[in-house]
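*Asks:* I'd like to ask you about the structure that follows.
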């Protein structure tokens, strides 16, 4: 059934896949200053960005809100 996470900015395997196939890497979690999201995935915490109504939520809140939205 092959589900994919598809967040190359925040998962090392998805990041490697996106780089290999020259796909856009768009962050949805704000990274600390100096972190180059194009060079390496950010897997830490931070506020949501580029995510519409979910912007500003921390990672745990962001995940819970997305699950609620999907249900």
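*Asks:* Go through the range 4-23 residue by residue and tally those that are surrounded by fewer than 13 Cβ atoms within 10 Å (Cβ to Cβ) and touching a residue at least 12 places away in the same chain (Cβ under 8 Å). Let's see the steps before the verdict.
*Replies:* Step one: filter the range 4-23 for residues surrounded by fewer than 13 Cβ atoms within 10 Å (Cβ to Cβ), giving 4-6, 12-13, 16, 20-22.
Then keep just the ones that are touching a residue at least 12 places away in the same chain (Cβ under 8 Å); that gives 12.
Residues that pass the stated criteria total 1.
Results for (1) under 14 Å from residue 62 (Cβ atoms); (2) in contact with a helix residue (DSSP H, G or I) (Cβ under 7 Å, 6 or more places away or on another chain); (3) at pLDDT below 95; (4) part of a helix (DSSP H, G or I), shown as yes or no for each residue.
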site	(1), (2), (3), (4)
1	no, no, yes, no
13	no, no, yes, yes
23	no, no, yes, no
33	no, no, yes, no
44	yes, no, yes, no
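*Asks:* Next up: I'd like the full set of residues that are over 12 Å from the mean Cα position of the chain (by Cα) and farther than 15 Å from residue 26 by Cβ, limited to the range 43-57.
*Replies:* Correct list: 53, 56, 57.
*Asks:* Can you name the number of the only condition in (1) modelled with pLDDT under 95; (2) under 14 Å from the mean Cα position of the chain (by Cα); (3) loosely packed, with under 14 Cβ neighbours inside 10 Å that residue 67 fails?
*Replies:* (2)
The values are calculated or read from the model by the stated rules, or taken from the named source; none is laboratory data. Please read these numbers as outputs of a predicted model, since none were measured by experiment. For neighbour counting, all protein chains shown are included, and Cβ atoms are generated from backbone atoms with ideal geometry for every residue, glycine included.
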